[in-house]
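A.B. asks: Sharing a structure with you now.
The values are calculated or read from the model by the stated rules, or taken from the named source; none is laboratory data. Note that the coordinates shown come from a computational prediction; the quantities given were computed from them, not determined experimentally. Cβ placement follows ideal geometry from the backbone for every residue including glycine, while neighbour counts extend to all protein chains displayed. The accessibility values were calculated without ligands, DNA or RNA, using every heavy atom of the protein model including side chains. Shrake-Rupley method; radii C 1.70, N 1.55, O 1.52, S 1.80 Å.
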Amino acid sequence: MNIILLGPPGAGKGTQARYLVEERGMVQLSTGDMLREAKDSGTQMGKVVADVMARGALVTDEIVIGLIREKLETVQASGFIFDGFPRTLAQADALADLLAAEGQKLDAVIEMRVDDAALVARITARSTCGACGEVYNDQTKPIPADGTCSSCGATAFKRRADDNEASLKTRLMEYYKQTSPLIGYYYAKGLLSRVDGLGDIGAVQAEMRAVLDGVAPKAHGAAQGIEPVA
Ligand code: ADP
Ligand code: ADP
Ligand code: ZN
């Protein structure tokens, strides 16, 4: 099963993707993580994207599509979770082509809905484990009191340079301008489901499970009764 997690920065995509990896053995493909790796290792591409990412603007379609193409051609998985990709209609079209080339298809797109007001609070309180990438939050999921990662025991944590209010403003604007049209695009294809991303982490996880197990009605009513278009 191949799925997309769609939602604004801070919606909880990375957090939920990690649960799906654990529970279902799926492989998470986060273009944000791939770009940060390129930046940290100082590759030519990393240098090109560093400034764009710091501002919260979008990296070119060509670069991110190239990253996803390489993964799809080289990684074998029972299912992929696309986290933070696609972010434009061109990326969405490219993904369909890339999956088709591998004899695969997209099975579901889960839109995680969260109020903008909650996003600022979430993003400015986010940190991640430097070793395993476990996602923490000063308010809602604090690092254990002994200072060790609950997932891997490491003791070094990172905050993202772009997790500040100024960059978030740009990222949100990009989301509404460039990415939110994908909601209609996937709705029309009959692939869209929605979860309420405002619940606590466990509640969101339960809703995601229900959607993926096919227990929850597809797209919560909105898309019911329309035929998927090819
Ligand atoms: P995204 O990948 O969509 O940008 P993250 O999964 O990194 O989002 O989550 C952003 C921040 O919000 C993190 O600090 C995370 O711990 C926290 N968070 C994620 N899901 C929830 C939730 N359901 N309730 C409260 N905080 C959450
Ligand atoms: P968030 O946690 O805010 O949803 P990500 O980690 O997915 O953010 O992405 C961080 C940054 O990397 C984005 O602000 C953007 O600059 C770049 N980026 C990640 N994925 C894409 C993509 N699919 N298209 C263009 N730029 C991307
Ligand atoms: Zn860890």
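A.B. asks: Suppose we filter D107, D83 for residues that are of a type in the set (D, E), touching a residue at least 60 places away in the same chain (Cβ under 8 Å) and away from ligand 1 (no atom under 13 Å from the Cβ); which single one remains? Steps first, please.
C.D. replies: Working: D83 fails: away from ligand 1 (no atom under 13 Å from the Cβ).
Just one listed residue meets the conditions, D107.
A.B. asks: List pairs: first in the stretch 140-157 and over 15 Å from T15 (Cβ atoms) and in contact (Cβ under 8 Å) with a residue 12 or more places away in the chain, second surrounded by 15 or more Cβ atoms within 10 Å (Cβ to Cβ) and of a type in the set (D, E, K, R), Cβ under 8 Å, 6+ apart or cross-chain?
C.D. replies: That search, which allows pairs on different chains as well, returns C152/E134.
A.B. asks: Output yes when any residue across the stretch 200-211 is open to solvent by 30 Å² or more (accessible area, probe 1.4 Å), under 18 Å from M112 (Cα atoms) and part of a loop (DSSP other than H, G, I, E, B), and no when none is.
C.D. replies: There is at least one residue in the stretch 200-211 that is open to solvent by 30 Å² or more (accessible area, probe 1.4 Å), under 18 Å from M112 (Cα atoms) and part of a loop (DSSP other than H, G, I, E, B).
A.B. asks: Now, a different point. I'm trying to understand the selection: among the residues of the stretch 148-182, which are of a type in the set (A, V, I, L, M, F, W, C) and open to solvent by less than 30 Å² (accessible area, probe 1.4 Å)? Spell out the reasoning first.
C.D. replies: First, the residues of the stretch 148-182 that are of a type in the set (A, V, I, L, M, F, W, C): 149, 152, 154, 156-157, 161, 166, 168, 172-173, 182.
Within the stretch 148-182, C149, A154, L168, L172, L182 qualify.
This table checks each residue for (1) closer than 18 Å to D33 by Cα; (2) open to solvent by 60 Å² or more (accessible area, probe 1.4 Å); (3) more than 14 Å from ligand 2 (Cβ to nearest atom); (4) touching a helix residue (DSSP H, G or I) at 6+ places or on another chain (Cβ under 9 Å).
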position: M53; (1), (2), (3), (4): yes, no, no, yes
position: V59; (1), (2), (3), (4): yes, no, no, yes
position: V75; (1), (2), (3), (4): yes, no, yes, no
position: P86; (1), (2), (3), (4): yes, no, no, yes
position: V120; (1), (2), (3), (4): no, no, no, yes
position: A125; (1), (2), (3), (4): no, no, no, no
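A.B. asks: Of the conditions (1) closer than 18 Å to G14 by Cβ; (2) open to solvent by 70 Å² or more (accessible area, probe 1.4 Å); (3) touching a residue at least 12 places away in the same chain (Cβ under 8 Å), V114 clears all except one; give me its number.
C.D. replies: Of (1) closer than 18 Å to G14 by Cβ; (2) open to solvent by 70 Å² or more (accessible area, probe 1.4 Å); (3) touching a residue at least 12 places away in the same chain (Cβ under 8 Å), only one is false for V114: (2).
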